[in-house]
Amino acid sequence: MSSQLHDDSCLVANDQDVAAKVVDGEAILINLTSGLYYTMDKVGGFVWSMIVRGSSVEQVSEAVAARYSVPLAQAREDVRRLVRELLDEKLIVLSMGSPEAAAPVGPAVENSQPYETPKLTRFDDMADMFALDPPLPELPALKTGGT
Amino acid sequence: MDRARFPVARPRMRGAMLIVALLFLTLLTLLGVTFAALMKLERQAARFAARPELEICITHVTAFWEAEVRHEQEAMRGRLRADSALPGYLLQTMLARRSAFENIGMLNPALRFGEDTDWFIRARDAGIALELMPDVLLFRRFHSSNLTRSRGNAVLKGGILDMIQGSLERRRRVISDTCRQEAGEGET
């Protein structure tokens with residue numbers, strides 16, 4: 001999957017198997033199929049918020065370069081590496097469609113925020129705890145009759 | 001028995017025998033359940049006797065599905081070892097010392113679902129001695145009226161993320177406190 005990655009590849013969160021939220025700029029993600037969960041620091045959290053909007057690799061890279069004090073070439077390299085990790089962990093998928101035309105690329109800030117290479121941190125200590133009741137989005141809803 | 005004189009006697013006797021058989025089966029089931037419960041307690045108590053430091057003991061669980069939700073069993077294949085016995089992080093499998101609750105705190109009454117999972121995560125974060133027995137000592141029945149069905153997947157996903165966030169914050173607080181403490185000791 002990651003070998004097919006191009007700058008214009010449209011990135012989409014794997015909503016079927018992944019739950020995610022961004023808290024104070026940090027992204028928290030869990031792959032409900034594997035039970036593994038992940039965090040991404042400030043820059044990674046920003047990248048995730050761009051992916052959720054349906055952005056391309058290039059759009060994300062440009063947004064990162066605009067928001068943080070980092071050259072576009074480095075932002076592009078870091079974003080590509082992070083995106084490959086996200087694909088390997090099945091947290092995102094490549095969409096066949098084109099990126100959202102209206103997807104905002106993030107505002108350029110007057111005072112660029114300090115840049116740190118985005119990092120995906122993986123944890124495996126809770127998989128057994130969530131094994132009993134994994135959400136099953138593909139299941140048809142049942143009529144609930146009990147309490 | 002003379003059927004000409006007692007035409008309804010045989011059906012009545014059959015009915016009575018059926019009732020007796022049902023009562024007998026019910027009694028056997030109750031005895032079986034009681035025996036299984038006693039066996040469960042006995043085996044878990046043995047773990048506490050073997051490990052004085054142990055505070056929580058849980059067992060594995062095997063799930064089974066009623067016919068009306070059998071399609072869920074198919075959908076769960078391949079997910080988180082759903083085909084086999086699972087670690088039973090449930091109150092139903094648990095035997096715990098009072099001290100566990102004194103150290104961890106009670107269940108969070110604000111949580112509508114997953115309060116037991118949240119409690120076990122807090123126990124792990126606190127470093128409480130917990131043993132997961134390999135034995136399957138609980139059978140969990142899935143049916144169309146399980147309480148957990150009234151929650152949506154969005155609620156469940158949100159709850160899981162909240163639990164992870166809480167655990168991350170607790171662990172980071174411990175690291176931060178430890179660093180601050182060590183820095184303080186270094187100054188003195």
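The values are calculated or read from the model by the stated rules, or taken from the named source; none is laboratory data. Computed from a predicted structure; not experimentally measured. Quick reminder, even Gly has a Cβ in these numbers, built from the backbone with ideal geometry, and neighbours come from all protein chains shown. These area figures cover heavy atoms from the full protein model, side chains too; ligands, DNA and RNA do not enter into them. Shrake-Rupley method; radii C 1.70, N 1.55, O 1.52, S 1.80 Å.
Some observations on this one:
- Residue satisfying condition, being open to solvent by less than 40 Å² (accessible area, probe 1.4 Å), at pLDDT 95 or above and touching a Gly at 6+ places or on another chain (Cβ under 9 Å), within set A:54, A:45: A:45
- Criterion (touching a Leu at 6+ places or on another chain (Cβ under 7 Å), surrounded by fewer than 17 Cβ atoms within 10 Å (Cβ to Cβ) and within 28 Å of residue A:36 (Cα to Cα)) met by exactly one of B:73, B:92: B:92
Every residue, every condition in (1) without any contact (Cβ under 8 Å) to a residue 60 or more places away in the chain; (2) away from every other protein chain (no Cβ under 13 Å); (3) aliphatic (A, V, I, L, M); (4) out of contact with any Pro (no Cβ under 6 Å at 6 or more places or on another chain), yes or no:
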site: B:47; (1), (2), (3), (4): no, yes, no, yes
site: B:88; (1), (2), (3), (4): yes, no, no, yes
site: B:92; (1), (2), (3), (4): yes, no, no, yes
site: B:118; (1), (2), (3), (4): yes, no, no, yes
site: B:121; (1), (2), (3), (4): yes, no, yes, yes
site: B:129; (1), (2), (3), (4): no, yes, yes, yes
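- Count of segment A:1-56 residues, restricted to those that are of a type in the set (A, V, I, L, M), farther than 27 Å from residue B:121 by Cα and in contact (Cβ under 8 Å) with a residue 60 or more places away in the chain, is 6.
- For segment B:101-111, the condition holds for no residue, the condition being that it is more than 24 Å from residue B:68 (Cβ to Cβ), facing another protein chain (nearest Cβ under 8 Å) and touching a residue at least 40 places away in the same chain (Cβ under 8 Å).
- Looking across B:50, B:100, one residue alone is open to solvent by less than 30 Å² (accessible area, probe 1.4 Å) and modelled with pLDDT of 90 or more. It is B:100.
- Only one entry in A:44, A:35 is in contact with a helix residue (DSSP H, G or I) (Cβ under 7 Å, 6 or more places away or on another chain), within 20 Å of residue A:121 (Cβ to Cβ) and among the small types (Gly, Ala, Ser), namely A:44.
To keep it simple, each residue is scored yes or no on (1) in a helix (DSSP H, G or I); (2) acidic (Asp, Glu); (3) at positive phi.
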{"position": "A:16", "(1), (2), (3)": "no, no, no"}
{"position": "A:20", "(1), (2), (3)": "no, no, no"}
{"position": "A:27", "(1), (2), (3)": "no, no, no"}
{"position": "A:30", "(1), (2), (3)": "no, no, no"}
{"position": "A:33", "(1), (2), (3)": "no, no, no"}
{"position": "A:48", "(1), (2), (3)": "yes, no, no"}
{"position": "A:59", "(1), (2), (3)": "yes, no, no"}
{"position": "A:73", "(1), (2), (3)": "yes, no, no"}
{"position": "A:78", "(1), (2), (3)": "yes, yes, no"}
